[in-house]
Structures are given as structure tokens and as C-alpha cells.
Amino acid sequence: MEVSKEYAVQMHGITKLFGTFRALDNVNLDVKKGSIHAILGENGAGKSTLMNVLYGLYQADAGEIYLNGEKVVIKNPNVAIEHGIGMVHQHFMLVDNFTVTQNIILGTEVTSRFGVLDMKKAREEILNIVKKYGLEVDPDAKIEDISVGMQQRVEILKALYRGAEILILDEPTAVLTPQEIEELISIMHSLIEDGKTIIIITHKLKEIKASSDVCTIIRRGQYIDTVPVADVDEEELATKMVGHAVKLVVDKTPAKPGDVVFEIDHLTVKDDRGLEAVKDLSLKVRKGEIVGIAGVDGNGQKELVEAITCLTRSESGTIKINGTEIQNTTPRNVIEHKVSTIHEDRQRRGLVLPFTVAENMVIEKYRTPEFKRHGMQNREKAQEYTKKLIQDYDIRPAGCENQPVRGLSGGNQQKVIIAREVSNDPDLLIAVQPTRGLDVGAIEYVHKTLVRERDAGKAILLISLELDEVMNVSDTIDVIYDGTIVAEYKQGEVDENTIGLLMAGGKQNENAVQNT
């Protein structure tokens, strides 16, 4: 393929093997200078692997990389940074109790001629970048005290501070509100106007349309196509990505709620700092109903889930499943009361990373007679059970039941958790960010699964930062702000802008009804 200086990045014939698994197979990528170039693909398609090769975290087994028309060898991230490449990872790499400035200069500290940190000079440089690109971050704030959206800006600032001309953004809108997404896209465009080049990995087709100039599609480690975004619609992009037509709107019949299965009454929970994160919160979920909680990250969702699952104690109030109080007991007691949870943090809460896929799949039921033999775990039964779930949920690579789960992509790790929790046949399924990091095909499958479980009479509590997801999947929408439910709507009663306003602490619309 032709090499040209009009391209900031050219990756030709990139192949990457992990043992016998071919994660990338002769993939090509050509990114023009001053453009926003999206990379689209299913979970495990190789998108992040390709960018990790560009950033020097992985070494390709074959292929060549050109920057501005010149061949380069990127052995590690330090070399990538020297070449003007910056990467903002999906999971931020920040020190919570450091300030914004301390995080940005970490590893590239500015010192005076006496070897003393020159924080004043560093702060001034950061403020100049903030002003230039409209990033609006307080350089003196601690990371633990700012929103997720602001933390992402800090990661972008960190890359720009190190001189990045090519910026890689891995799933940048996964935890942002609609307003924050608009602000991020605006920031991206201001970076482009200044001559930067942006490569964005995302599953969100609407945001590709809103932000990007060109899109490259990868499927199962192979290059499929590169298209001008203006020339294709969301449905075409989805079809190219998964290889078949995908429904982008949740197809479901109206709910027929039954008796109350799950009830929270005047619950108060404190966070790690001893401050009230959940404040006098009440809600109900009925049989055959999906109740979605919409809210900006950091408004008590984490503490609410931890209190329900008994990972933390509640200060006051009750949590009942089928009329039985379960608050302040044990996680095992919660599971035994037929509550299944898809936790937000799949690596810390959802999985035991050194364990195999099969061990993770039966971790909540290994004590049951089905998976025991002579007092020991029946490994053959666990593997047989896991093989079926791998097939049913399209977990990749196939035949991974005996591999450590840490070796799977983030999206496939999420599928392991969803398969395990749904197959437990719960009365209440708590789904926290259930489609985070999943491609549109997998998202469609998860949404169908939630609706199927609802139609089978399950009670489902959906907690998601994806407003589209809450709006489309939920039968009832509860808005959480500052640790309490501020409004409740039935599906179809409210628009996205009103919900977004309430999520940000705006005035409640008169048509909202209180949770009863």
C-alpha cells in the first residue's frame, strides 16, 4: 500500500498472535492528519489490540507502522510518547488522592535548577492547555473529588502535556452523561482545529456519526472496510461490524407488572469517607417489570448496589426481597434469596481474574449438588455447563472454558458475568452497566435477554450511565441525584433532555411523579 505524508498514521499488514490465537490478521489502517478516525468492531475484534500495538504496549508479529510517512518501530509507550502519540485508556490511570496537576506531571516532573519540583510552572503550563482547548478542569482539585467526565479530561490533558499530536481515545464516552458527551465532542473538534489527529475506539454508532470523519471496521481480527462517515447510516455501520442486520431499537411489548418483588424503604448509606451517599432512598420493582435508574456517575449508585448486595452496611432503612429483609446480612445470603447481580466493575467485583472461565461461571453455585461429586467440585460438569453458556452467549474465543478469565477481552469478560447471573434463574436481577464495552450485536442480545427475563416474570433493576439504554429498555425510569430518587416516569412519558437535566440537578418537571 502507498505510504504518504498526508497520513498521520499508517499501519499496514499488522498481525498479532497470542499463542495460537490470531487477534489481528493482516490489518490495515490509514489515518489522515487533522481528522477524527473511528475504529469499529465487535468485542474481541482486535480494536484495542491494534491501538495497543500503535502505542507500544504490544509488539506486532508482522506488519509495519508509519507516522507522517516515515517508518517507525514502537517498542514501548515511552517511544510512542516521543513520537507524539498519547492514549486515553477505557479504565483511567489516575492516582485518586493526587491533585489534577500532580497526576498530569507524574513521570515528567518540572524541576528548578536546584532539583526542586516547580509546581507553579507546571500549573501555568496546564492552565494554558486548559484555556486553549476549553477543557475547564481545576488543576488543584483532587481526582477523588471530581466527576468521571472531569477525570477523562485530566487523561486528555496528561497526553497533551506530554506533547501528543496523535490522540487515541478508547471508549471515551462509556461513562459520560449526554451533556458531557456533547462537551467531549466539542473538545475533540477544537483539538482537530489545532492540527491534532484523533483515533477513537467506540461501540456507539450515534457518536461516530456525530464526531468522526472516517470509520474503519474490523471483524474477528480482520480488516473489513474504511468508509466516510457522512456516506453511511448507523444501520449500515452495524451491519458491516457484525456481518448481519442488527436492530438498534429495543423490541418489546408493554410490561404487565405483578406483585412487588423488591422494595427499598428510606435507605441511607455512607461512602468510604463517612459521608451520606444514599439519602433516604425508596423504590420498588415488581414482577415482570424493568425499573431503570438514570443518573450521573457518583450520585450514590455504587453505594446503593453495595448495600443491596451486602458489600457495605446501610445506616438506616430496609431492603426486602419477596418480603424478607436482607440488608446488613451477607453476600451469600443475598444470592440464596435469588438475587443475581451484574456488577459495574467486572474485574474487581464480577470476576476472579486468575480463575478459569469455567471456575468463574460456577463460582456462585459450586456448593450445589449439581456441581459436586464426592465432596469435591465436579470439574467435568462445570466445563460442560460452561461450554453451553460460551456458545449461547457467543463468548470468544470458543473453547476458552479452561483459560484464565483475565485473558479475555473486556467485552467477553462482561459476557461471562451476564451468562452466569442470568443462568442463576433469579427472582431479582440487578444489572449495573450491563452493556459497558459491548458491541451493538452483543448489546442487542443483552437487551433481548433482559426483556425475555422480564416477560418470564423476573423483576429487573437496571442501573446504567447510558441514558439511551435506560430510556429504551426500562418500563419505569427513576432519576437519581445526590443519593436520592428525584423523579419517576413511565416509559414514553419523558424525553431525553428532561432526564438529562434532572440527572444534572436541574428543576424537576411538573409532570414527574414521585416514587410510591
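Odds and ends about this structure:
- Checking THR386 against (1) modelled with pLDDT under 95; (2) in contact with a helix residue (DSSP H, G or I) (Cβ under 6 Å, 6 or more places away or on another chain), the condition it does not meet: (1)
- Among the candidates VAL249, VAL296, VAL227, residue that is touching a Cys at 6+ places or on another chain (Cβ under 6 Å) and either in a strand (DSSP E or B) or modelled with pLDDT under 95 (or both): VAL227
- Every residue from region 393-408 that is touching a Lys or Arg at 6+ places or on another chain (Cβ under 9 Å) and either surrounded by 21 or more Cβ atoms within 10 Å (Cβ to Cβ) or not small (Gly, Ala, Ser) (or both): TYR393, ASP394, ILE395, ARG396, GLU401, LEU408
- Tally of residues being crowded, with 16+ Cβ neighbours inside 10 Å, outside any helix (DSSP H, G or I) and either in contact (Cβ under 8 Å) with a residue 40 or more places away in the chain or out of contact with any Lys or Arg (no Cβ under 7 Å at 6 or more places or on another chain) (or both) across region 119-146: 3
- Restricting attention to region 200-243, the residues being in contact with a Ser or Thr (Cβ under 7 Å, 6 or more places away or on another chain) and among the β-branched types (Val, Ile, Thr) number 8.
- Strands (runs of 3 or more DSSP E) fully within region 1-100 that include at least 1 residues being open to solvent by 10 Å² or more (accessible area, probe 1.4 Å) and of a type in the set (Gly, Ala, Ser): 7-18, 62-67.
- Filter result for VAL305 (of a type in the set (A, V, I, L, M), under 30 Å from ILE480 (Cβ atoms), within 26 Å of the chain's Cα centre (by Cα) and surrounded by 14 or more Cβ atoms within 10 Å (Cβ to Cβ)): yes
- LEU237 of a type in the set (A, V, I, L, M), crowded, with 19+ Cβ neighbours inside 10 Å and under 30 Å from LEU29 (Cβ atoms): yes
- Across region 303-327, the number of residues qualifying as more than 18 Å from LEU429 (Cβ to Cβ) and outside any loop (DSSP other than H, G, I, E, B) comes to 5.
- Number of the exception - ASP297 against (1) among the charged types (D, E, K, R); (2) touching a Leu at 6+ places or on another chain (Cβ under 8 Å); (3) crowded, with 22+ Cβ neighbours inside 10 Å: (3)
- Being open to solvent by less than 30 Å² (accessible area, probe 1.4 Å) and farther than 28 Å from TYR66 by Cα is a property that GLY149 has.
- From the list SER464, SER474, the lone residue that is modelled with pLDDT of 95 or more and either crowded, with 23+ Cβ neighbours inside 10 Å or within 21 Å of the chain's Cα centre (by Cα) (or both) is SER474.
- Residues located in region 328-351, provided they are at pLDDT 95 or above, surrounded by fewer than 19 Cβ atoms within 10 Å (Cβ to Cβ) and not in a helix (DSSP H, G or I): ASN328, THR329, THR330, HIS337, LYS338
- For region 433-496, the strands (runs of 3 or more DSSP E) that sit wholly inside it and include 3 or more residues that are free of Cβ contacts under 8 Å to residues at least 40 places away in the same chain are 484-490.
- Count of region 262-283 residues which are closer than 20 Å to GLU336 by Cα and surrounded by fewer than 20 Cβ atoms within 10 Å (Cβ to Cβ): 1
The values are calculated or read from the model by the stated rules, or taken from the named source; none is laboratory data. Quick caveat: nothing in here was measured; it's all calculated off a predicted structure. So basically every Cβ, Gly included, is an ideal-geometry build from the backbone, and we count neighbours across all protein chains shown. Please note that ligands, DNA and RNA were not included when accessible areas were found on the heavy atoms of the full protein model with its side chains. Shrake-Rupley method; radii C 1.70, N 1.55, O 1.52, S 1.80 Å.
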